[in-house]
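Only one structure is covered here, and it is reproduced in the block below.
The values are calculated or read from the model by the stated rules, or taken from the named source; none is laboratory data. As the structure is a computational prediction, the values presented were derived from the model and not from experiment. Heads up, the Cβs are rebuilt from the backbone with ideal geometry, glycines too, and the neighbour counts pull from every protein chain shown.
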Amino acid sequence: MPELLIRLNDAAKSRVLTLQEYFVLAGKSLRFIFARPFYAQDVVQQMDEIGVKSLGIVLLTGVFTGMVLALQSSVQLKTFGATMYIGNLVSASMIRELGPVLAGLMVAGRVGSGIAAQLGSMRVTEQIDALNTLGTDPIKKLVTPRVLAALVMLPVLTIINDFIGIIGGNIIASFVVGVPTTQYWRTVWNQIAADGFTLRYIPNDFVQGLSKPFVFGALISITACYFGLGTTGGTEGVGQATTRTVVTASILILIVDYFITQLLLSVLTYGR
Amino acid sequence: MADDPTRRSSDQNRSVRAAIRREIAVDAPAREERQPRGAAAPRAVVEVDHVWLAFDTPVLEDVSFQALDGETVAIVGESGTGKSTILKLILRLLVPDRGQVRIDGEDITSLTFDEALLVRQKMGMVFQGAALFDSMTVFENIAYPLREHTQMDDDEIEARVREKLQFVDLDPDQVMEQFPAELSGGMRKRVGIARGMANNPEIMLYDEPTSGLDPLTTATITRLILKLQHELNVTSVVVSHDIRSVFRMASKVALLATDHRITFFGTPEEMTGSDDRYINDFLGGASA
């Protein structure tokens, strides 16, 4: 029995230490955004890597999600004779939930794994030690540019994902269900307006839909850098770091999404 | 009479030591180059003073040695005895549990992370696998410490990179725009040395500089390290398994034993002249 308690104690300490290291890395990487030297070129390069190169999968995900959303909802709405409200359903779902979450999951899979593999390889080939010996803080040089780029690019990708998803819904609404395009876009706007505004002009749906990717961007980049920098055990370790990054970041996105939604629903005044 | 294995092993070790002595005699000109020059009483540049370090198990126990100005100290020993860890302590990538590591008389064990970054600028490090940045060209790799820590303009940086590449016998026009993946193992090591010396450091640290190389490339790298010492008079600490190269380049040799302590610290001549059984076994095994 004491043996079991000792093991539990060790396991608990190890988890707490992991959390502490994670938050220390997060704190440092965010603090270094405002500290010299600024690696502007690295930030731009990472924006290209995280944002521009993820555009393809985000566009594909968005358009097909919007299309399937319109298709599925049309079946239900038809039974009530309410197919003209497809636009409401597609826009609310895309902007509030599916846009940010799907963009986050896609970026976690594509970019998170890439960051973890790159930093993991740098760790096992002593390139991180080389940075240290050359008098450079690896967090400042490697982590901060990636975190900053993700913070900027994930909201951008989400906006594109939302828009292309609504267009996907439009395609199905117009060509399969028979809802005129003008009617579709009118219902899209009606939905956005009906959900109320923050500070009089910013739609509540946008506040909810854009605050999430900002958090997801930080989660994905910090998780990937954490597992990448902590890689041990050669190439096998790189593989494990990559897998852990994708699994952990995806789960964190879904969990954090729930809590952000809960928080925003209690703060934002919907329908006024 | 039955063949006595102990006696046979002892005979083998004697012949190995004799062979090493002959090699030391052959390498006499190279050894002349490694002697520290300058002041009559050279100061200690690197001092490792009664250092203890343990993670889950002991890594180093009461380890002490010093490298004087212009001297080359080689750390040898079996795998897993903590040789590379000593380099990490000198670089202040690790902090000892007890004891001090001093660079130019300054104890670096109590420095903050940012202060340690400044101390590291005095040092150049050559890694076992060269550790060149994959995403950068050879030029960018060597220019990196210059861009980070100096106010040199682009022309000055290019001139310095060319100078260092020529020093390590590489043609700048041929290799500068190549990526590390396009280079051979020996070329990567040479670029690693060029990057390590880009900032004209006071101290050079080498982690297994000749491992994984063919004999000719090993000789080339050893010659480069000697040239660096001779022409620039840097203080060097070398971790190596390659006893022949070590004896060519080292002023002093520190032998780390399996109990994680230094069992011998002296000149190569003193080492080969020692009657200590562990030293003889190590030299016999290392040269086999």
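Does the range A:118-137 contain at least one residue that is away from chain B (no Cβ under 14 Å) and either part of a helix (DSSP H, G or I) or buried (at least 21 other Cβ atoms within 10 Å of the Cβ) (or both)? Break it down stepwise before answering.
Initially, the range A:118-137 is screened for residues away from chain B (no Cβ under 14 Å), giving none.
Scanning the range A:118-137 turns up no residue that is away from chain B (no Cβ under 14 Å) and either part of a helix (DSSP H, G or I) or buried (at least 21 other Cβ atoms within 10 Å of the Cβ) (or both).
Inside the range A:226-256, can you point out the residues that are of a type in the set (D, E, K, R) and either modelled with pLDDT of 95 or more or in contact with a Ser or Thr (Cβ under 6 Å, 6 or more places away or on another chain) (or both)? I'd like the intermediate steps shown before the answer.
Step one: of the range A:226-256, the residues of a type in the set (D, E, K, R) are A:236, A:244.
Residue satisfying the conditions is A:244 alone.
Residue B:269 passes all but one of (1) modelled with pLDDT under 90; (2) over 25 Å from residue B:122 (Cα atoms); which number fails?
So the condition that residue B:269 fails would be (1).
Filter the range B:120-158 down to the residues that are more than 21 Å from residue A:45 (Cα to Cα), within 24 Å of the chain's Cα centre (by Cα) and among the β-branched types (Val, Ile, Thr) and list them by number.
Once the filter is applied, which keeps residues that are more than 21 Å from residue A:45 (Cα to Cα), within 24 Å of the chain's Cα centre (by Cα) and among the β-branched types (Val, Ile, Thr), the range B:120-158 yields only B:126.
Restricting attention to the range A:140-163, and to residues there that are within 14 Å of another protein chain (Cβ to nearest Cβ) and crowded, with 21+ Cβ neighbours inside 10 Å, which single residue is nearest to residue A:215 (Cα to Cα)?
Ranking the qualifying residues of the range A:140-163, first place goes to A:146.
Would you check which residues across the range B:208-225 are part of a helix (DSSP H, G or I) and more than 11 Å from the chain's Cα centre (by Cα) and list them?
The first filter runs over the range B:208-225 and keeps only residues part of a helix (DSSP H, G or I), leaving B:215-225.
Those that are part of a helix (DSSP H, G or I) and more than 11 Å from the chain's Cα centre (by Cα): B:215, B:216, B:217, B:218, B:219, B:220, B:221, B:223, B:224.
For the range B:48-85: of the residues being within 14 Å of chain A (Cβ to nearest Cβ) and either farther than 18 Å from residue B:261 by Cβ or in contact with a Leu (Cβ under 9 Å, 6 or more places away or on another chain) (or both), which is surrounded by the most Cβ atoms within 10 Å (Cβ to Cβ)?
Restricting to residues being within 14 Å of chain A (Cβ to nearest Cβ) and either farther than 18 Å from residue B:261 by Cβ or in contact with a Leu (Cβ under 9 Å, 6 or more places away or on another chain) (or both), the top hit is B:85.
Please state which of the following conditions residue B:104 fails to meet, knowing it meets all the rest: (1) modelled with pLDDT of 95 or more; (2) more than 10 Å from chain A (Cβ to nearest Cβ); (3) surrounded by 16 or more Cβ atoms within 10 Å (Cβ to Cβ).
(1)
Taking the range B:230-243 only, how many residues are at pLDDT below 90, out of contact with any helix residue (DSSP H, G or I) (no Cβ under 6 Å at 6 or more places or on another chain) and either acidic (Asp, Glu) or outside any loop (DSSP other than H, G, I, E, B) (or both)?
Result for the range B:230-243: 3.
Does residue B:58 satisfy the condition of being in contact (Cβ under 8 Å) with a residue 40 or more places away in the chain and not polar (S, T, N, Q)? If you could, list the steps in order and put the result at the bottom.
Values: in contact (Cβ under 8 Å) with a residue 40 or more places away in the chain: yes; not polar (S, T, N, Q): yes.
Judged against the criteria, residue B:58 is a match.
What pairs come out if I take residues in the range B:126-155 that are within 8 Å of chain A (Cβ to nearest Cβ) and closer than 20 Å to residue B:90 by Cα and pair them with residues that are in a loop (DSSP other than H, G, I, E, B) and of a type in the set (Asp, Glu) whose C-beta lies under 7 Å away, six or more apart or interchain?
B:127/A:126; B:128/B:208; B:129/A:126; B:131/A:126
Being hydrophobic (A, V, I, L, M, F, W, C), within 14 Å of chain A (Cβ to nearest Cβ) and either outside any helix (DSSP H, G or I) or surrounded by 12 or more Cβ atoms within 10 Å (Cβ to Cβ) (or both) is the filter here, so list the residues in the range B:156-182 that pass it.
In the first step, residues of the range B:156-182 are kept if they are hydrophobic (A, V, I, L, M, F, W, C); the result is B:157, B:159, B:161, B:165, B:167-168, B:170, B:175-176, B:179, B:181.
In the following step, the residues that additionally are within 14 Å of chain A (Cβ to nearest Cβ) were identified as B:179, B:181.
Correct list: B:179 only.
Can you tell me which residue in the range B:53-109 is farthest from the chain's Cα centre (by Cα), limited to those that are at positive phi and of a type in the set (Gly, Ala, Ser)?
B:99
Those residues that are hydrophobic (A, V, I, L, M, F, W, C) and at pLDDT below 95, I need them from the range B:147-158; list them, please.
Taking the range B:147-158 as the starting set, the residues that turn out to be hydrophobic (A, V, I, L, M, F, W, C) are B:152, B:157.
Within the range B:147-158, just B:152 meets the criteria.
Restricting attention to the range A:214-272, which residues are of a type in the set (Asp, Glu) and under 17 Å from the mean Cα position of the chain (by Cα)? Spell out how you get there, then give the answer.
Our first condition is that a residue be of a type in the set (Asp, Glu); within the range A:214-272, this holds for A:236, A:257.
Of everything in the range A:214-272, just one residue is of a type in the set (Asp, Glu) and under 17 Å from the mean Cα position of the chain (by Cα), namely A:257.
Can you list the strands (runs of 3 or more DSSP E) found entirely within the range B:45-136 that contain at least 1 residues being more than 30 Å from residue B:180 (Cβ to Cβ) and β-branched (Val, Ile, Thr)? It would help to see each step written out before you state the result.
Details: elements: B:58-68, B:72-77, B:98-103, B:123-126.
Hits in the range B:45-136: B:58-68, B:98-103.
Condition check: on the phi > 0 side of the Ramachandran plot and not charged (D, E, K, R). Does residue A:112 satisfy that?
On the way: on the phi > 0 side of the Ramachandran plot: no; not charged (D, E, K, R): yes.
For residue A:112, the condition - on the phi > 0 side of the Ramachandran plot and not charged (D, E, K, R) - is not met.
Looking at the range A:96-111, can you tell me whether even one residue there is part of a helix (DSSP H, G or I), of a type in the set (Lys, Arg), more than 11 Å from chain B (Cβ to nearest Cβ) and in contact (Cβ under 8 Å) with a residue 60 or more places away in the chain? It would help to see each step written out before you state the result.
Going residue by residue through the range A:96-111, those that are part of a helix (DSSP H, G or I) are A:96-111.
Imposing the further condition that a residue be of a type in the set (Lys, Arg) reduces the set to A:96, A:110.
If we keep only those that are more than 11 Å from chain B (Cβ to nearest Cβ) too, we end up with A:96, A:110.
If we keep only those that are in contact (Cβ under 8 Å) with a residue 60 or more places away in the chain too, we end up with A:96.
Looking for residues that are part of a helix (DSSP H, G or I), of a type in the set (Lys, Arg), more than 11 Å from chain B (Cβ to nearest Cβ) and in contact (Cβ under 8 Å) with a residue 60 or more places away in the chain, one finds at least one in the range A:96-111, hence yes.
Of the conditions (1) surrounded by 20 or more Cβ atoms within 10 Å (Cβ to Cβ); (2) farther than 29 Å from residue B:150 by Cα; (3) not basic (Lys, Arg), residue B:218 satisfies every one except a single condition; which number is it?
Condition not satisfied by residue B:218: (1).
I need the full set of residues from the range B:183-207 which are among the acidic types (Asp, Glu), under 11 Å from residue B:130 (Cβ atoms) and not in a strand (DSSP E or B), in order please.
Step one: of the range B:183-207, the residues among the acidic types (Asp, Glu) are B:202, B:207.
Cutting the leftovers down to under 11 Å from residue B:130 (Cβ atoms) gives us B:207.
Selection gives nothing.
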